Amino acid sequence: MTVKNCLIARGALIYQHDLVNLYGCEIGADSRIGPFVEIQEGCVIGERCKISSHSFLCEGVTLEDEVFVGHGVMFTNDRHPASTNADGSLKDAQDWTCERTHVGRGAAIGSNATILPGVTIGKGAVVGAGAVVTHDVPENTTVIGVPARAVGTAKAGAKAARHGDAQHKVMS
Amino acid sequence: MTVKNCLIARGALIYQHDLVNLYGCEIGADSRIGPFVEIQEGCVIGERCKISSHSFLCEGVTLEDEVFVGHGVMFTNDRHPASTNADGSLKDAQDWTCERTHVGRGAAIGSNATILPGVTIGKGAVVGAGAVVTHDVPENTTVIGVPARAVGTAKAGAKAARHGDAQHKVMS
Amino acid sequence: MTVKNCLIARGALIYQHDLVNLYGCEIGADSRIGPFVEIQEGCVIGERCKISSHSFLCEGVTLEDEVFVGHGVMFTNDRHPASTNADGSLKDAQDWTCERTHVGRGAAIGSNATILPGVTIGKGAVVGAGAVVTHDVPENTTVIGVPARAVGTAKAGAKAARHGDAQHKVMS
């Protein structure tokens, strides 16, 4: 059993129950979850979201409605990850601080992007494929690169993409 | 069942049938597919290719013969991914444009690379691990970085790798 | 069966046996392995390590005790990966050179990082999320970016993270 203790709303679709690991999370109505996805306890996914294959959503992540998460996207919640404490004991629930991530309505996160702990991604924002997001992303803003930097409004990005070479800048 | 409606040629090897998600695709003779791989409908894989674990090949991707795809490689086909249309309805097959990706014979794509929509990767080209490919890659050319830039011919790259420090430049 | 011919020490925990692919490897006491992880033959994991979801550890990788590996981390061992030899025959075990990777005690590797072949990551080192590691990382050193560059000692990094904006530099 790889879907455990989840609140899954009406119309939500998990394409392959045998190829996901979902536990203790909430999935909103009509959202769709691809294969090889892990969603941890306490994660809240809004309505009509799409979570593509190979992505990982950790505790502390909240997606508002209509958010797109590409393939291989990794969220994080621990700024100082470690396997053990200073005394060599295994780290446990009380041995770290969860920094929460919030993604606004209608935002889109490109494939293989990495989201550092504690950031807020604004409504309608676009994160380019392969970007490493280290700061908050304002609403309707497109960011790309490592570390991710703003390259214009998400609307301007869409326009650029229709006119040749600039498209590559927008989505890389 | 996680291998569905595929044309799988003689000699092709899927290491773990229970840990892949393949549907509606063609796999050429003697090609090998690792675990945690998704290959979508309409994707065409040539002969003697190797698709390593954790990679995602989307609709519109064609690999010629003898292509190597590393681990965690993400192909993309939608320049403006979104979960919903402007009116809030779920995006459907007719609501987006698939941009096709073509990879030439004998090319090699390093692990964790990201391939933006619509690019052509030439025969014998090498994409460094972790690169984000935003433009076409000429034949026998090595590209690295974010965004990916040419650093020489694939042949020159191989030579550099045998002579110390430059190897890191080539494969990063 | 997706766990095969492994030496798994007392107290080691594989969260989802059905969602991993482990073969011919050694897992030390009290180590923890997440879902969607592949660990290849000849890989040695020390005690009290944590290997997070979606990561790939190839032949030739050795982790000392108390190493943390984030999500979506890809190790590599072949500087010139290819699907076939020059004569078109499939590459086999004798057709390539495995370059070994060693990770020192207590090191932490961030999510979506890529580790190029043959590097040594020192004890207590920190690799930022999304980094592409092309050179050795000295002990207690933090590296970030593509290619990964040192930004201070791991200890200084931890301190910076408690004081605002610099934290983003450290962990990106």
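Anything in the range C:114-138 that is under 23 Å from A:Ala86 (Cβ atoms) and not basic (Lys, Arg)? List them, or say none.
C:Ile121, C:Gly122, C:Gly124, C:Ala125, C:Val126, C:Val127, C:Gly128, C:Ala129, C:Val137, C:Pro138
Scan (1) out of contact with any strand residue (DSSP E or B) (no Cβ under 7 Å at 6 or more places or on another chain); (2) under 13 Å from A:Met74 (Cβ atoms) for the single condition A:Pro138 breaks and write down its number.
Failed condition: (2).
Could you list, in sequence order, the residues of the range B:110-132 that are among the aliphatic types (A, V, I, L, M) and more than 16 Å from B:Phe68 (Cα to Cα)?
Within the range B:110-132, B:Leu116, B:Val119, B:Val132 qualify.
Within the range B:62-77, work out how many residues are in a loop (DSSP other than H, G, I, E, B) and more than 9 Å from chain A (Cβ to nearest Cβ).
Number satisfying all stated conditions: 7.
I need a count of the residues in the range C:43-54 that are over 18 Å from A:Asp78 (Cβ atoms) and in contact (Cβ under 8 Å) with a residue 24 or more places away in the chain.
2
Scanning for something over 26 Å from A:Thr76 (Cβ atoms) and surrounded by fewer than 22 Cβ atoms within 10 Å (Cβ to Cβ), does the range C:99-112 turn up at least one residue?
yes
Which one of the conditions (1) more than 17 Å from C:Tyr15 (Cβ to Cβ); (2) modelled with pLDDT of 95 or more; (3) buried (at least 17 other Cβ atoms within 10 Å of the Cβ) does A:Arg79 fail to meet, given that it meets all the rest?
Only one criterion in (1) more than 17 Å from C:Tyr15 (Cβ to Cβ); (2) modelled with pLDDT of 95 or more; (3) buried (at least 17 other Cβ atoms within 10 Å of the Cβ) is unmet by A:Arg79, namely (2).
Any chance the range A:58-79 includes a residue that's of a type in the set (Ser, Thr, Tyr) and under 18 Å from A:Val137 (Cβ atoms)?
Yes: one or more hits.
Would you be able to tell me the number of residues in the range C:35-56 that are within 30 Å of B:Gly124 (Cα to Cα) and out of contact with any Leu (no Cβ under 8 Å at 6 or more places or on another chain)?
4
If I filter the range A:12-41 down to residues being at the interface with another protein chain (Cβ under 9 Å from one of its Cβ atoms) and of a type in the set (Gly, Ala, Ser), which single residue comes out as surrounded by the fewest Cβ atoms within 10 Å (Cβ to Cβ)?
A:Gly34
Return the residues of the range C:81-111 that are touching a residue at least 40 places away in the same chain (Cβ under 8 Å) and either basic (Lys, Arg) or in a strand (DSSP E or B) (or both); say none if nothing qualifies.
Passing the criteria: C:Arg100, C:Thr101, C:His102, C:Val103, C:Arg105, C:Ala108, C:Ile109.
Name every residue in the range A:6-32 that is under 19 Å from C:Ser52 (Cβ atoms) and hydrophobic (A, V, I, L, M, F, W, C), in order of residue number. Outline the logic, then answer.
If we filter the range A:6-32 for residues that are under 19 Å from C:Ser52 (Cβ atoms), which is where we start, we get A:19-25.
Scanning the range A:6-32 gives A:Leu19, A:Val20, A:Leu22, A:Cys25.
Please specify each residue of the range C:88-112 satisfying the condition of being touching a Ser or Thr at 6+ places or on another chain (Cβ under 8 Å) and aliphatic (A, V, I, L, M).
Listed by number, the residues that qualify are C:Leu90, C:Val103, C:Ala108.
Take B:Gly60 and tell me if it is at pLDDT 95 or above and touching a Ser or Thr at 6+ places or on another chain (Cβ under 9 Å).
yes
Return the residue satisfying two criteria in turn: it lies in the range C:42-60 and is buried (at least 24 other Cβ atoms within 10 Å of the Cβ) and of a type in the set (Val, Ile, Thr), and of such residues it is farthest from the other protein chains (Cβ to nearest Cβ).
Looking at residues that are buried (at least 24 other Cβ atoms within 10 Å of the Cβ) and of a type in the set (Val, Ile, Thr), I get C:Ile45.
The values are calculated or read from the model by the stated rules, or taken from the named source; none is laboratory data. Quantities reported herein were computed from a predicted structural model and do not represent experimental measurements. Please note: Cβ atoms are built from the backbone with ideal geometry, for glycine as well, and neighbour counts cover all protein chains shown.
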